[in-house]
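Okay, so here's the structure we're looking at.
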Ligand code: ADP
């Protein structure tokens with residue numbers, strides 16, 4: 001069974017992430033979307049549990065997608081989950097430098113794990129969780145950028 005891991009902050013999950021999740025779920029047998037508990041990035045808007053809840057709600061229609069969280073090295077987590085593929089999304093050339101570096105470090109540590117990049121649809125190339133949070137904070141229109149469930153959670157946060 002081919003198991004893939006799609007790691008990220010997902011603070012919160014956007015339609016750009018959803019696009020990658022839906023497409024990746026078709027190329028692996030099981031996709032584990034995992035929220036990174038990053039000690040250097042602990043200033044999120046949503047708690048890890050809230051992010052997990054939103055991801056669960058938004059992927060309920062995808063039977064081979066599982067939601068989890070992890071801390072520590074991604075390659076160790078991949079081994080623990082028996083995953084052979086790491087999925088990452090690419091928005092623009094800007095993403096590539098950091099993504100290549102991470103993929104090469106991971107390859108060096110764990111040659112049996114492959115990083116696979118999915119290129120975002122053009123309509124999501126500008127979309128990031130940070131941009132959505134900025135729009136929500138200043139009451140801009142972000143309705144088309146996140147799933148319905150997330151939209152309501154964001155509105156609650158900035159009420
Ligand atoms: P962000 O950079 O928005 O905080 P994450 O850390 O949650 O996002 O990113 C997790 C993964 O999802 C990364 O591989 C990132 O490049 C990808 N990603 C984020 N936003 C998009 C998008 N709009 N389209 C495609 N991939 C995306």
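The values are calculated or read from the model by the stated rules, or taken from the named source; none is laboratory data. From a predicted model like this one, the values you see are computed outputs, not experimental measurements. Because the Cβ atoms are built from the backbone with ideal geometry, glycine has one as well, and the counts that use them run over all protein chains shown.
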Residue under evaluation residue 145, criteria (1) within 16 Å of the ligand (Cβ to nearest atom); (2) in a loop (DSSP other than H, G, I, E, B); (3) without any contact (Cβ under 8 Å) to a residue 24 or more places away in the chain, criterion not met: (3)
Residues (surrounded by fewer than 17 Cβ atoms within 10 Å (Cβ to Cβ), part of a loop (DSSP other than H, G, I, E, B) and at pLDDT 95 or above) located in region 92-120: 111, 112
Selection within region 9-66 - within 14 Å of residue 130 (Cα to Cα), in a helix (DSSP H, G or I) and touching a helix residue (DSSP H, G or I) at 6+ places or on another chain (Cβ under 9 Å): 15, 16, 17
Breaking point among (1) more than 22 Å from residue 79 (Cα to Cα); (2) surrounded by fewer than 12 Cβ atoms within 10 Å (Cβ to Cβ), for residue 133: (2)
Checking residue 82 against (1) farther than 28 Å from residue 143 by Cα; (2) free of Cβ contacts under 8 Å to residues at least 60 places away in the same chain; (3) away from the ligand (no atom under 12 Å from the Cβ); (4) surrounded by fewer than 17 Cβ atoms within 10 Å (Cβ to Cβ), the condition it does not meet: (2)
Every pair of residues 6+ apart whose Cβ atoms lie under 9 Å, when the first sits in region 109-128 and is on the phi > 0 side of the Ramachandran plot while the second is surrounded by 14 or more Cβ atoms within 10 Å (Cβ to Cβ): none
The listed residue being more than 9 Å from the ligand (Cβ to nearest atom), surrounded by fewer than 18 Cβ atoms within 10 Å (Cβ to Cβ) and either under 14 Å from residue 115 (Cβ atoms) or at pLDDT below 95 (or both), out of 40, 23: 40
Set 134, 114: member being within 16 Å of the ligand (Cβ to nearest atom) and touching a strand residue (DSSP E or B) at 6+ places or on another chain (Cβ under 7 Å): 114
Restricting region 136-150 to residues that are at pLDDT 95 or above and farther than 15 Å from residue 51 by Cβ, the residue that is surrounded by the fewest Cβ atoms within 10 Å (Cβ to Cβ): 148
